[in-house]
1. Answer yes or no as to whether Asp161 is of a type outside the set (A, V, I, L, M, F, W, C) and within 21 Å of Glu308 (Cβ to Cβ).
2. If you go through the stretch 279-327 one residue at a time, how many are part of a helix (DSSP H, G or I), in contact with a Pro (Cβ under 9 Å, 6 or more places away or on another chain), within 27 Å of Ser146 (Cβ to Cβ) and open to solvent by less than 20 Å² (accessible area, probe 1.4 Å)?
3. Are there any helices (runs of 4 or more DSSP H) wholly within the stretch 1-103 with 3 or more residues that are open to solvent by less than 40 Å² (accessible area, probe 1.4 Å), and if so which?
4. I'm trying to understand the selection: among the residues of the stretch 104-138, which are in a helix (DSSP H, G or I) and either modelled with pLDDT under 95 or within 16 Å of the ligand (Cβ to nearest atom) (or both)?
5. Can you give me the number of residues within the stretch 137-156 that are touching a residue at least 40 places away in the same chain (Cβ under 8 Å) and either crowded, with 24+ Cβ neighbours inside 10 Å or out of contact with any Asp or Glu (no Cβ under 6 Å at 6 or more places or on another chain) (or both)?
6. Look through Phe295, Phe275 and report the one residue that is over 26 Å from Asn143 (Cβ atoms), of a type outside the set (D, E, K, R) and modelled with pLDDT of 95 or more.
7. Taking only pairs six or more apart or across chains, which ones have beta-carbon atoms under 9 Å, a first residue in the stretch 45-60 that is touching a residue at least 60 places away in the same chain (Cβ under 8 Å) and within 28 Å of Ala186 (Cβ to Cβ), and a second residue that is hydroxyl-bearing (Ser, Thr, Tyr) and in a loop (DSSP other than H, G, I, E, B)?
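The values are calculated or read from the model by the stated rules, or taken from the named source; none is laboratory data. As the structure is a prediction and not an experimental result, all values here were calculated from the model. Backbone-built Cβ (ideal geometry, glycine too); neighbour counts: all protein chains shown. Each accessible area value is taken on the protein alone, full model and side chains, heavy atoms only, with ligands, DNA and RNA left out. Shrake-Rupley method; radii C 1.70, N 1.55, O 1.52, S 1.80 Å.
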Amino acid sequence: MRVLVTGGAGYIGSHTLLELMAQGHEVCVLDNYSNATPEVLNRVRSLSNGKVTDFEGDVRDSAKLDDVMQAFAPDAVIHFAGLKAVGESAQKPLYYYDVNITGTLTLLKAMERANCRRLIFSSSATVYGEPQYLPCDEAHPTNPVSVYGRTKLMAEQILTDWTAANPDCAAVLLRYFNPVGAHPSADLGEDPRDIPNNLMPFIAQVAVGKRDQLEVFGDDYDTPDGTGLRDYIHVVDLARAHVAALDYAAQNSGARPFNIGTGQNYSVREMVASFEAASAKPIPTKQSTRLEGDFAAMQADARRANAELGWHATHNLSDMAASTWAWQSKNPDGYRSDD
Ligand code: WQD
C-alpha cells in the first residue's frame, strides 16, 4: 500500500517506516520537524535502500495536506504527528489541543477530500489513567488524568464517530504502553530535544555522561521493590504493530482500540539494573519523592492485538537495554552528532 506517515521523522515513526518498507509498502512522510530532524530520514534511506518521499509541513496546514494527498495519493495514513509530553501538556493545554485535536481533524478532512479511508492512530495507554485492575485490557475504563491523555482519548472519540458516519472507513487505535529501545543498526533511536521526560532516555544519558544521576521518583509504592512498574515495549515491536494494524485496516471497517504492550512490567530499579548490565556503566541514582499524578503499576493485556492483529512482542528487557545503549553510545548527542 501507499502509506502517508505523519510525524514519520520521529522516534516511533522512523522505526515504522523501516518496517513498512520491509513489507513492500511505499511510504511518504509529512513532518514539521518540531521534535525531529531531516537527518533521521537520511538514515532511514540508508538503512532501507528504499524511496522515502517527504514533505515538510504541519498537520494543521490544510493546503499542505491537500498538496501531499494529491502528490502521493495514499491508500492509508499512519498518524504520529502530535505533542506527547505529559508535564508540558498541563502548562500549554491550548497548544496540545490545537496540535493533537485540530491536527487530527484537519487530517481527516483532507483524507475525505482525497477519498483515503484508512487511518492508524498513535494513541496511548495514558487514556486509562490510573489502572483499576491489571493487566489492563481495552475494556478498562478510560479516565485520562493529563491534558495529553485527554487529547488522545478525544482523538479516539473523533475517529470512532468518523468511522460510524462512514462505514467504509477504518481507524485502528493503537494504545502504546511504554516505548523504549532502538533499531539494531544503532543508527535510529530516541533523541529527546531537552531534558528527557521518560525513564529510559534519561538512564541512557546518564550512562554516556550527559546527566549526572537518575532521580528515582518514589520508593514507597506497593510494588516488590517500592519503585514504579511499567510495561515497556521495544520500539521495533511497536513499529511492527503498525504494519499489522495496516493489514487489519485493509480488511476491516470501524474504529477499534488495541493495547500494544508486552504484558510484562518492570520496576525502575530493574530498568536501571538491566541498563548497567548492558552498558557495563554504573547508573548513579538519587532517591526522590513520587511524581504528582504518578502511580504504582501499569501492565498491558495485549491478547486482542495478539489474536486480531496477529501481532506479538518478541523483544525482551535485555534487547531493550542493549539496543538503547548501542544507539546512545554511538550517538552521544543524538542526531545532532552530525551537526
Ligand atoms: C516510567 C517510570 C516514573 C523518569 C509516560 C507518559 C508518556 C507515555 C509513556 C506516550 C515511572 C519513573 C521516570 C525519571 C523515574 N508516552 N521515572 N525517574 O510514567 O509511564 O509515563 O508513559 O504516550 O510519555 O505517560 O513513563 O518513562 O515517564 O516513567 O523514576 O527520571 O519511571 O516515576 O514509574 P510513564 P516514564
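1. No; evaluated as a whole, the condition is false for this residue.
2. 1
3. Values: elements: 11-22, 39-48, 62-72, 86-91, 93-97.
Hits in the stretch 1-103: 11-22, 39-48, 62-72.
4. Matches in the stretch 104-138: Thr104, Ala125, Thr126, Val127, Tyr128.
5. Taking the stretch 137-156 as the starting set, the residues that turn out to be touching a residue at least 40 places away in the same chain (Cβ under 8 Å) are 137-138, 145-149, 151-152, 154-156.
Those still in the list that are either crowded, with 24+ Cβ neighbours inside 10 Å or out of contact with any Asp or Glu (no Cβ under 6 Å at 6 or more places or on another chain) (or both) too: 138, 145-149, 151-152, 154-156.
Number of matching residues: 11.
6. On the way: Phe295 fails: over 26 Å from Asn143 (Cβ atoms).
From the options Phe295, Phe275, the qualifying one is Phe275.
7. Note: pairs meeting the criteria are Ser46/Ser185; Leu47/Ser185.
Okay, residues lined up against (1) within 15 Å of the chain's Cα centre (by Cα); (2) within 16 Å of Ser323 (Cα to Cα); (3) within 12 Å of the ligand (Cβ to nearest atom); (4) basic (Lys, Arg):
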position: Glu190; (1), (2), (3), (4): yes, yes, yes, no
position: Asn198; (1), (2), (3), (4): yes, no, yes, no
position: Ala204; (1), (2), (3), (4): no, yes, yes, no
position: Gly209; (1), (2), (3), (4): no, no, no, no
position: Phe217; (1), (2), (3), (4): no, no, yes, no
position: Asp231; (1), (2), (3), (4): yes, no, yes, no
position: Ala241; (1), (2), (3), (4): yes, no, no, no
